[in-house]
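Engineer: Dumping the structure here so I can ask a few things about it.
The values are calculated or read from the model by the stated rules, or taken from the named source; none is laboratory data. Being a predicted model, the structure only gives us computed values, none of them experimental. All Cβ positions, even for glycine, are placed from backbone atoms using ideal geometry, and neighbour counts span all protein chains on display. Note: accessible area is taken over every heavy atom of the protein model, side chains too, but ligands, DNA and RNA are not part of it. Shrake-Rupley method; radii C 1.70, N 1.55, O 1.52, S 1.80 Å.
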Amino acid sequence: MNFKTLVKNGVYVVTDPVLNGRGHLDIVRAAITGGAGLVQIRDKNATARDLYAFTVEASRVCAEAGVALIINDRLDVALAAGAQGVHLGQDDIPAREARQILGPGFILGVSAGS
């Protein structure tokens, strides 16, 4: 999977309800309408169950539009909900181990400190 191909028009949207008070699905739909080729769901306060619930729906919406979906921090939710990738922070499972779990076709992003 070519990252440059996924990010159509250079648009990569990261959702976060804390920043704008809108729901993830509203943001996902707006991002797709606006031409995003990749959407990342970020929600530091959601329970695993809630994150999974709206990720399943977001995954369906993204798949219908041909847009890739990445989940922030939660490898388990990304796999269970059918996302195409996960973005891991420095306090999450190490990237090397995540790649072994995910295999080569899954998008893996990692935050870098420097």
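Engineer: Solvent-accessible area of Ile101, probe 1.4 Å, all protein chains present, reported in Å² to the nearest ten, please.
Structural biologist: That residue has around 100 Å² of solvent-accessible surface.
Engineer: Sketch the reach of a paramagnetic label on Glu97 as a point 7 Å from Cα along Cα-to-Cβ, and name the residues of segment 30-62 whose backbone nitrogen lies under 13 Å away.
Structural biologist: none
Engineer: For Cα Rg over 2.2 N^0.38 Å, pick the label among (1) 0.99; (2) 0.92; (3) 1.44 that corresponds to the value derived from the coordinates.
Structural biologist: Looking at Cα Rg over 2.2 N^0.38 Å for this model, the match is (1).
Engineer: Separation between the Val11 and Ala112 pseudo-spin-labels, each 7 Å from Cα along Cα→Cβ, expressed in nm?
Structural biologist: Inter-label distance under the simple model: 2.7 nm.
Engineer: Over the chain, with the other protein chains present, what is the accessible area per residue in square angstrom, probe 1.4 angstrom?
Structural biologist: So the chain comes to 55 Å² accessible per residue, rounded to a whole number.
Engineer: Can you sort Ser111, Ser59 by solvent-accessible area, 1.4 Å probe, largest first?
Structural biologist: Order by accessible area, largest first: Ser111, Ser59.
Engineer: Then there's this: Please report the antiparallel percentage of DSSP beta bridges with both residues in the chain, rounded to the nearest 5.
Structural biologist: 0 percent
Engineer: Which percent of the accessible area of the chain is formed by carbon and sulfur heavy atoms (probe 1.4 angstrom)?
Structural biologist: Looking at the chain in its full context, I get 53 percent from C and S.
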